[in-house]
1. Anything in segment 407-466 that is in a loop (DSSP other than H, G, I, E, B), touching a Gly at 6+ places or on another chain (Cβ under 9 Å) and of a type outside the set (G, A, S)? List them, or say none.
2. Are any of the residues in segment 373-395 free of Cβ contacts under 8 Å to residues at least 12 places away in the same chain and among the hydroxyl-bearing types (S, T, Y)?
3. Picking from G127, G190, G232, which residue would you name as being more than 14 Å from the chain's Cα centre (by Cα), more than 16 Å from ligand 2 (Cβ to nearest atom), surrounded by fewer than 17 Cβ atoms within 10 Å (Cβ to Cβ) and not assigned by TED's automatic domain parsing to the domain that holds T107?
4. Residues that are in contact (Cβ under 8 Å) with a residue 12 or more places away in the chain and among the aromatic types (F, W, Y): which strands (runs of 3 or more DSSP E) entirely in segment 161-223 hold 3 or more of them?
5. Within segment 94-153, take every residue that is without any contact (Cβ under 8 Å) to a residue 60 or more places away in the chain and charged (D, E, K, R) and give me the one that is nearest to ligand 3 (Cβ to nearest atom).
6. Which one of D384, D364 is more than 24 Å from D31 (Cα to Cα), within 16 Å of ligand 3 (Cβ to nearest atom) and either among the charged types (D, E, K, R) or in contact with a Gly (Cβ under 6 Å, 6 or more places away or on another chain) (or both)?
7. Given the conditions (1) within 20 Å of S200 (Cα to Cα); (2) assigned to a loop (DSSP other than H, G, I, E, B), report the number of the one that R94 does not fulfil.
8. Check whether at least one residue in segment 398-420 is at pLDDT 95 or above and within 13 Å of ligand 1 (Cβ to nearest atom), and report yes or no.
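The values are calculated or read from the model by the stated rules, or taken from the named source; none is laboratory data. Keep in mind it's a predicted model, so treat the numbers as computed, not measured. Cβ atoms come from the backbone with ideal geometry, glycine included; neighbour counts cover every protein chain shown.
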Amino acid sequence: MNPNLIAEFEAILNGKYILTDEEAKAPYLTDWRKRYTGKALAVLLPANTSEVAAIVKVCAASNIAIIPQGGHTGFCGGATPDSSGKQIIINLKRMNQVRELDVANQTISLEAGCILQSIQEKAAEQGFLFPLSLGAEGSCMIGGNLATNAGGTNVLRYGNTRDLCLGLELVTAQGEIWNGMKGLRKDNTGYDLRDLFIGSEGTLGIITAAVMKLYPLPISQWTTLVATQDIGSTISLLNLFQKRATSLLTGFEMMTKESLALNQKHFPHMANPLKGNPPYTILIELSDHESEAHVKLLLETILEEAFDARLISDAVIASNLSQANSFWHMREHITLAQAEEGANLKHDITIPLSALDSFITETDRLIQTQYPGARIINFGHLGDGNLHYNIAPPPGIDFKAFNLVNEKPIHELVYKEVERCKGSISAEHGVGQLKLEGLRAHKGEVAHDLMKAIKKALDPQNILNPHKVISI
Ligand code: FAD
Ligand code: 2HG
Ligand code: ZN
């Protein structure tokens, strides 16, 4: 270890932005789910891209591993250091400036530490929508969103974070700055570096800024909760909305009876307005740039057709913004209710819609046969085929004890079914350290080797977030 390391950091950053004291470092060492806690030599808080580059150069010269970190809300332990105490964390939170909002180009250029919600607000002030939206938006940062290629509730209409990004600025593993901050919708100049870094979870470069797309802010939005009896009719309902509402369909979220029961247990004020605890509660949102009346009529017409076709058995349309928000809160609180209950086993998967019924029927059967009484908390962004197929122990059984014995085989059971249905073992949360083995086992040898080759080429010293996503 270089004995002058901290002094070298001090030559770059004011000492108060170099945290070495155990108490000061503590908030950066444990992830949101409290599943991973690591140690770090220091937590560094740079204020600009040059400082990030200078820190990386020092680390490269001394072979010190770096953990890039944003809001630390990720679910896969990607931003948590290991237990060696030899790694440093670079947290980007001080880099939170909006560099430019280009009205004509409909883009916003931002630093990596901007909090997602503050970007949405900034855009709205100028009459724009920044469509990325997820439960952690009050604390996750755009750098982290890009590094994980986050999804959320608007992907159906606007795509995931990758689809919203036009340009990037980043620091390479050698401490060079790549300025790719162009707001272009077309740019066919060789390999797409931007897309290589998006979703690389801090293993290939440190994202310091980005140019993101903006959209006109919708003027009318209608939200409804509907009851369905099975997955087959839920998918037919989705297809009906896709056909009739086309691009006005901006949300299609699924919640099972069991997910909402957990919500009710921990947040009793959040009652489902649909009667009789239906097997599936679907939250649907339509957004438009025309009058309120136009969208409402469209929504009512589609719901009528869905009733006639027996796809739904009940529906409640939110009568005002606050009721619409309460529907969304119900959906977003499932994650919080799960966290209150205990550390469940998460499976953030995508399945082609045509295979979703078969996946759920067969995986439910296998779980119930092999782990009698285990609770399946299944919900998600059904419009994207993205399920959060989470497993909790039978009531009364300790989470830790259950997970210790069953985590690996349950992941394998679910991932095998995902593979059978030609799905993916991570739809939006990424790989981090949680799914390192899963990626190796399920990505396919050729794809895994190509990823290794990319990592070796860009970070031959393996100092950027080592043993996350891929081990070389
Ligand atoms: P962090 O957790 O700090 O980091 C995540 C990964 O990105 C790590 O590997 C880290 O090293 C890397 N990283 C962070 N910043 C940078 C950077 N500047 N440069 C390079 N690498 C970097 N995710 C979804 O996709 N959809 C959801 O609907 C969703 N809902 C959530 C709801 C709740 C309540 C919570 C707690 C989380 C949710 N998440 C969801 C997961 C999480 O919020 C996202 O993964 C988010 O994108 C992480 O951003 P962050 O700033 O917290 O990143
Ligand atoms: C969501 O969609 C998040 O709410 C969290 O991606 C999912 O808790 C989960 O597993
Ligand atoms: Zn999600």
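1. Correct list: I425, E428, H429, V431, Q433, L434, D459, N465.
2. Checking segment 373-395: not a single residue is free of Cβ contacts under 8 Å to residues at least 12 places away in the same chain and among the hydroxyl-bearing types (S, T, Y).
3. G232
4. In segment 161-223, there are no strands (runs of 3 or more DSSP E) which contain 3 or more residues that are in contact (Cβ under 8 Å) with a residue 12 or more places away in the chain and among the aromatic types (F, W, Y).
5. E137
6. Sole residue among the options that is more than 24 Å from D31 (Cα to Cα), within 16 Å of ligand 3 (Cβ to nearest atom) and either among the charged types (D, E, K, R) or in contact with a Gly (Cβ under 6 Å, 6 or more places away or on another chain) (or both): D384.
7. Failing condition for R94: (1).
8. Checking segment 398-420: not a single residue is at pLDDT 95 or above and within 13 Å of ligand 1 (Cβ to nearest atom).
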